[in-house]
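Input: a single structure, listed below in structure tokens.
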Amino acid sequence: RRPRGMYFSAEDRGEMMSMVYNWPADQVDMIVVTDGSRILGLGDLGVHGIGIAIGKLDLYVAAAGINPQRVLPVMIDVGTNNEKLLKDPLYLGLQEHRLEGEEYVAIIDEFMEAVFARWPNVIVQFEDFQSKWAFRLLQRYRKTYRMFNDDVQGTAGVAIAGLLGAVRAQGRPMLDFPKQKIVVAGAGSAGIGVVNAASRTMARMLGNNEVAFESARSQFWIVDAHGLITEERTNIDPDARPFARRKSELGHQGLSEGASLVEVVKKVKPDVILGLSAVGGLFSKEVLEALKDSSSSRPAIFAMSNPTKNAECTPEEAFSILGEKIIFASGSPFSDVDLGNGKIGHSNQGNNMYLFPGIGLGTLLSGARVISDGMLQAAAERLASYMKEEEVLEGIVYPPISRIRDITKEVAAAVVKEAVAEDLAEGYRDMDARELARLSEEETVEYVQQNMWSPVYPTIVYKKD
């Protein structure tokens, strides 16, 4: 009924700088902020979206050992476009349609200035903002503030870790990743975020020059609700434009603008099909059958949309059609599949929980001024290499959640090392940037562990036996 957090409303314009002092904690390490506009699988929840910010911060406490007294869930109420809430007399938020354009941006600007004025070292994680704002706000703030967007960058990092794991599961080195042909279903903030990050990873492996970026770009085929995205499309989303297939490429592939997912899979014979469409069952029997002709010895199916009903396919569907020689991963939890003869089809859950706590903790402990692409990349690569060789060859590309504290510690250490390497680290408490730079890999992991809050309390009252 009364979730704890701070609510900033469009009505509070001009007041936010003083409002931040209403929060009782003198030090805040992590803020998770949402405007409730696109809660995954649930849509526009208005002020009820505060639960998302609270839940994510619970995971920071559980997985990363961020001190629970130093976290702050925030809801920015700029109205709602949910007609049911607009008519509900008991709705607690602003009962007007969402603000748009410069008015909206001005409110988020004011909020960011206010929280960083009071807590200069805080890290702000943006969560569940609708696509059009997710990208725009990320580009607006990422070079000025310590912030990241979990839907764009966290989802991308977890997907990349899985994609790198899939390369290992094929018995190949991770450096073979730039050779993977990837068909992506979905061109929203998550889909484009993953493609951007994956192409950067490929380009980095190929030498990080213009030729490398062009080569990486050509490994992706993006299919949205209107079919394959090509440069012939009118009103193409600017974020998707760099990955639109060129006219010259289409002819010899036998594809055209708007080609269906089945056609694309048949013609491209991809190593990976990656679903970030939020359309349940999109990987139909026909799509999975078409994947039988994949040029990979072990094709990967990533049905990453949440919640469960939105998953592009289930592991049962994938394994029953394609047999045991596949890698399956999803965004929602599914049980492993019994394939008979003592064999198990592993269902991997690519949960953002594997990465964002480590990204936040690593940024905090390095004192990095901003969160760079390199730091996010280092986090994803560390998660990908976390699995042992024998586990990966069995088709297990993500670790069990039971190891989450250990995974977070390793990811955070990788983020710290990268921040130092990029000369972004400014140190944390008694550990300045020069001392951080002197730490070996093992010492960095130990440093992270020592700074993780643990819910262990001393016994205060002893009873006599």
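On a per residue basis, the range 6-145 carries 42 Å² of accessible surface, using protein heavy atoms and a 1.4 Å probe. A probe of 1.4 angstrom, applied to the heavy atoms of all protein chains, finds MET353 with accessible area near 20 square angstrom.
When you filter the trypsin sites (Lys or Arg not before Pro) in the range 311-389 for DSSP loop state and at most 15 other Cβ atoms inside 10 Å of their Cβ, you are left with LYS325, LYS388. Whole-percent P(r), the range 180-350, all Cα pairs, 10 Å bins from 0: 11, 39, 36, 13, 2, 0. With the charge dipole of the chain set up from +1 on Lys and Arg Cβ and -1 on Asp and Glu Cβ about the Cα centre, the Cα lying farthest toward the positive end among the listed residues GLN153, ILE123, MET304 is that of MET304.
The trypsin sites (Lys or Arg not before Pro) of the range 112-155 that DSSP puts in a loop, and whose beta carbon has at most 12 other beta carbons within 10 Å, are LYS143.
Between the beta carbons of TYR21 and VAL105, assuming R0 = 25 Å, the FRET efficiency works out to 0.55 to the nearest 0.05. Solvent exposure of LEU276, expressed as accessible area, is near 20 Å², computed with a probe of 1.4 Å over the protein chains only.
Set against the labelled values (i) 1.12; (ii) 0.98; (iii) 1.00, Rg/Rh (Cα atoms, Kirkwood Rh) computed from this structure falls on (ii).
For the pair the range 381-414 and the range 76-149, the centres of their Cα atoms are 33 angstrom apart. The count of lysine pairs in the range 180-350 that are at least 8 places apart or cross chains, and whose C-alpha atoms lie under 24 Å apart, stands at 25. The chain: longest stretch without exposed chymotrypsin sites (Phe, Trp or Tyr not before Pro) (DSSP loop, at most 16 other Cβ within 10 Å), sites themselves excluded? Excluding the exposed sites themselves, the longest stretch runs over 92-452. Looking at the range 372-465, the accessible area is 60 square angstrom per residue; that uses a 1.4 Å probe and ignores ligands, DNA and RNA.
Split the chain at each of the GluC sites (Glu not before Pro) in a DSSP loop with at most 15 other beta carbon atoms within 10 Å, and the longest piece is 101-230. How many angstrom lie between the Cα centre of the range 322-352 and the Cα centre of the range 163-186? Here the answer is 17 Å between Cα centres. In the range 6-145, carbon and sulfur make up what percent of the accessible area (probe 1.4 Å)? Answer for the range 6-145 is 53 percent, counting heavy atoms of protein chains only. Taking all protein chains in place and a 1.4 Å probe, what share, in percent, of the accessible surface of the range 180-350 do carbon and sulfur account for? Its accessible area is 50 percent carbon and sulfur atoms. DSSP loop (so not H, G, I, E, B), at most 10 other Cβ within 10 Å: list which trypsin sites (Lys or Arg not before Pro) in the range 406-465 pass both filters. Sparse-neighbourhood loop trypsin sites (Lys or Arg not before Pro): ARG429, LYS463, LYS464.
For the range 180-350, what is the accessible area per residue in Å² when the probe is 1.4 Å?
On a per-residue basis, 42 Å².
Across every pair of non-identical alpha carbons in the range 391-465, the mean reciprocal distance, once inverted, gives a Kirkwood radius of 15.1 Å.
Report relative contact order for the chain in percent, whole number only (criteria: Cα-Cα under 8 Å, sequence separation at least 6).
It comes to 14 percent, rounded to a whole number.
Near GLY275, the amide H atoms lying under 5 Å from its own belong to ALA185, PHE302, ALA303, MET304; only residues 5 or more places off or on other chains count, and H is placed 1.01 Å from N. Here the range 6-145 is described by how far its Cα atoms reach on the three principal axes: 39, 31, 29 Å, from widest to narrowest.
Since only LEU85, GLN349, ALA244 are under comparison, the one whose Cα sits farthest along the positive direction of the charge dipole of the chain, derived from C-beta charges on Lys, Arg, Asp and Glu, is GLN349.
The values are calculated or read from the model by the stated rules, or taken from the named source; none is laboratory data. Everything numeric in this text was worked out from a predicted model, so none of it was measured. Here Cβ is always computed from backbone atoms with ideal geometry, including for glycine, and neighbour counts include all displayed protein chains. Remember, those area values only see protein heavy atoms, side chains included, never the ligands or the DNA or RNA. Shrake-Rupley method; radii C 1.70, N 1.55, O 1.52, S 1.80 Å.
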